[in-house]
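Chemist: Got a structure here, written out as structure tokens. Questions coming.
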Amino acid sequence: MLDYKLNRYILLHDYRRNDFIPRARPGFKLSFEDFLRSVLTANPWLKNPFKTVRIAYEGKKGTLVPGPLFDAQESENFLKLNFQLSPDERTLADHIQQFDNYHVFAIQKNLEESAKQHFPSARISNLSSVLIQTVWLNFRSRTGTNRIFLHMKEKIFDILIYDGKQILYFNSFTWMVAEDVVYFLIFVLEQLGMNPEEASVVLLGNIDRGSNLFELIYRYVKNMEFGRRNASYKYSPVFDIVAPQSYYPLLNFNACGS
């Protein structure tokens, strides 16, 4: 939560569905609507009137479309070029103004409806759209082709590369073990003709120094650094226990246009 008057982040809370599943009912599947209602019940202040409410949706189906080619009425067809859509999905699009690209993505209809029911004025963006914009804003002077941004999430990770002016490469991969991440990272570097020994990797998201994943990547890529927190904002002392690279898109959400 951002206090606009103080320009300070004052709250960050991470909830998982399992947090609300009774221990006596292992394996019980909690719907998103019930999960959201449980979170709101546990935190009634979330229903207070806020200046703005923004939602970052994380999904697996998304594609970038150049601005001159984009047609909002064809959004679904753009996405169908790469993915199979189910009847319970609909398409949305974020305009990434810095590059005049549109990120077209699929969202579960019930998730969107539940979010809008409780937060009617909320604006829904894709988490990857936020990532693309915030990395550019914070690293604009250091976005040469030899710098790779690796954003780690629970089961998916993103690889993002710029050429100093535009997005050179962006893709998301599913991973289960650390070896999966290294395999796809080296594969992307090889396909782009990049030398791992000369490349520099900026680590964002759910990865820490000393972890098995960090140590394995370091075997192949020696030049690594962790993303830093946006200095444009202030942070409550409670954020001292959160690694600067963690929750990177969310803590930069308000700086981007999506």
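The values are calculated or read from the model by the stated rules, or taken from the named source; none is laboratory data. If you're wondering where the values come from, they're calculated on a predicted model, not measured in any experiment. Quick reminder, even Gly has a Cβ in these numbers, built from the backbone with ideal geometry, and neighbours come from all protein chains shown. Side chains are part of the model used for accessible areas, which takes the heavy atoms of the whole protein and leaves out ligands, DNA and RNA. Shrake-Rupley method; radii C 1.70, N 1.55, O 1.52, S 1.80 Å.
Chemist: Taking the condition of being in a helix (DSSP H, G or I) and either among the acidic types (Asp, Glu) or within 16 Å of the chain's Cα centre (by Cα) (or both), how many residues in segment 234-258 meet it?
Modeler: 8
Chemist: Take residue 14 and decide whether it is within 21 Å of the chain's Cα centre (by Cα), assigned to a strand (DSSP E or B) and acidic (Asp, Glu). Let's see the steps before the verdict.
Modeler: On the way: within 21 Å of the chain's Cα centre (by Cα): yes; assigned to a strand (DSSP E or B): no; acidic (Asp, Glu): yes.
Answer is no for this residue.
Chemist: If you don't mind, there's one more thing I want to ask. Got at least one residue in segment 66-88 being in a strand (DSSP E or B), more than 19 Å from residue 252 (Cβ to Cβ), touching a strand residue (DSSP E or B) at 6+ places or on another chain (Cβ under 7 Å) and open to solvent by less than 70 Å² (accessible area, probe 1.4 Å)?
Modeler: The initial filter retains those residues of segment 66-88 that are in a strand (DSSP E or B), namely 66.
This time we only want the ones that are more than 19 Å from residue 252 (Cβ to Cβ), so: 66.
Within this subset, residues satisfying the condition of being touching a strand residue (DSSP E or B) at 6+ places or on another chain (Cβ under 7 Å) are 66.
From what is left, the residues that are open to solvent by less than 70 Å² (accessible area, probe 1.4 Å) are 66.
Yes: one or more hits.
Chemist: Then there is this: If you go through segment 148-174 one residue at a time, how many are open to solvent by less than 40 Å² (accessible area, probe 1.4 Å) and either touching a strand residue (DSSP E or B) at 6+ places or on another chain (Cβ under 8 Å) or closer than 18 Å to residue 226 by Cα (or both)? Before you say what the answer is, go through the steps one by one.
Modeler: Here is the first cut: in segment 148-174, the ones open to solvent by less than 40 Å² (accessible area, probe 1.4 Å) are 148-153, 156-162, 164, 167, 173.
Now restrict to residues that are either touching a strand residue (DSSP E or B) at 6+ places or on another chain (Cβ under 8 Å) or closer than 18 Å to residue 226 by Cα (or both): 148-153, 156-162, 167, 173.
Within segment 148-174, residues that are open to solvent by less than 40 Å² (accessible area, probe 1.4 Å) and either touching a strand residue (DSSP E or B) at 6+ places or on another chain (Cβ under 8 Å) or closer than 18 Å to residue 226 by Cα (or both) number 15.
Chemist: Mind checking whether some residue in segment 233-241 is modelled with pLDDT of 90 or more, open to solvent by 80 Å² or more (accessible area, probe 1.4 Å) and under 12 Å from residue 151 (Cα atoms)?
Modeler: So far as segment 233-241 goes, no, none of its residues is modelled with pLDDT of 90 or more, open to solvent by 80 Å² or more (accessible area, probe 1.4 Å) and under 12 Å from residue 151 (Cα atoms).
Chemist: Does residue 99 count as within 21 Å of the chain's Cα centre (by Cα), modelled with pLDDT of 90 or more and under 18 Å from residue 255 (Cβ atoms)?
Modeler: Numbers: within 21 Å of the chain's Cα centre (by Cα): yes; modelled with pLDDT of 90 or more: yes; under 18 Å from residue 255 (Cβ atoms): yes.
In short, yes.
Chemist: Can you confirm whether residue 137 is closer than 28 Å to residue 67 by Cβ, open to solvent by less than 70 Å² (accessible area, probe 1.4 Å) and out of contact with any strand residue (DSSP E or B) (no Cβ under 8 Å at 6 or more places or on another chain)?
Modeler: It is true that residue 137 is closer than 28 Å to residue 67 by Cβ, open to solvent by less than 70 Å² (accessible area, probe 1.4 Å) and out of contact with any strand residue (DSSP E or B) (no Cβ under 8 Å at 6 or more places or on another chain).
Chemist: While we're here: With the requirement that a residue be in contact with a Lys or Arg (Cβ under 8 Å, 6 or more places away or on another chain), in a loop (DSSP other than H, G, I, E, B) and farther than 18 Å from residue 156 by Cβ, what does segment 206-233 give you?
Modeler: 233
Chemist: Only one residue in 167, 96, 107 is within 24 Å of residue 187 (Cα to Cα) and not polar (S, T, N, Q), so which one is that?
Modeler: 167
Chemist: Give all pairs with beta carbons closer than 9 Å in which a residue from segment 131-152 that is among the aromatic types (Phe, Trp, Tyr) meets a residue that is surrounded by fewer than 20 Cβ atoms within 10 Å (Cβ to Cβ) and assigned to a helix (DSSP H, G or I); count only pairs at least 6 apart in sequence or on separate chains.
Modeler: Listed pairs, sorted by first residue: 149/139.
Chemist: Give the residues of segment 43-52 that are without any contact (Cβ under 8 Å) to a residue 12 or more places away in the chain and either open to solvent by less than 60 Å² (accessible area, probe 1.4 Å) or in contact with a Phe, Trp or Tyr (Cβ under 6 Å, 6 or more places away or on another chain) (or both), sorted by residue number.
Modeler: Residue satisfying the conditions is 46 alone.
Chemist: For segment 179-201, check the following and say yes or no: at least one residue is in a helix (DSSP H, G or I), over 17 Å from the mean Cα position of the chain (by Cα), among the acidic types (Asp, Glu) and surrounded by 13 or more Cβ atoms within 10 Å (Cβ to Cβ). Can you show your working first?
Modeler: Step one: of segment 179-201, the residues in a helix (DSSP H, G or I) are 179-191.
In the following step, the residues that additionally are over 17 Å from the mean Cα position of the chain (by Cα) were identified as 179-180, 182-191.
Restricting the remaining residues to those that are among the acidic types (Asp, Glu) gives 179-180, 190.
Checking the rest, the ones that are also surrounded by 13 or more Cβ atoms within 10 Å (Cβ to Cβ) come to 180.
Yes, segment 179-201 has at least one match.
Chemist: I'm told residue 131 meets every condition in (1) outside any strand (DSSP E or B); (2) in contact with a Leu (Cβ under 8 Å, 6 or more places away or on another chain); (3) open to solvent by 40 Å² or more (accessible area, probe 1.4 Å) except one. Can you identify the failing condition by its number?
Modeler: With respect to (1) outside any strand (DSSP E or B); (2) in contact with a Leu (Cβ under 8 Å, 6 or more places away or on another chain); (3) open to solvent by 40 Å² or more (accessible area, probe 1.4 Å), residue 131 is out only on (3).
Chemist: Output the number of the condition that residue 7 fails; it satisfies all remaining conditions of (1) under 27 Å from residue 120 (Cβ atoms); (2) open to solvent by 70 Å² or more (accessible area, probe 1.4 Å).
Modeler: The number of the failed condition is (2).
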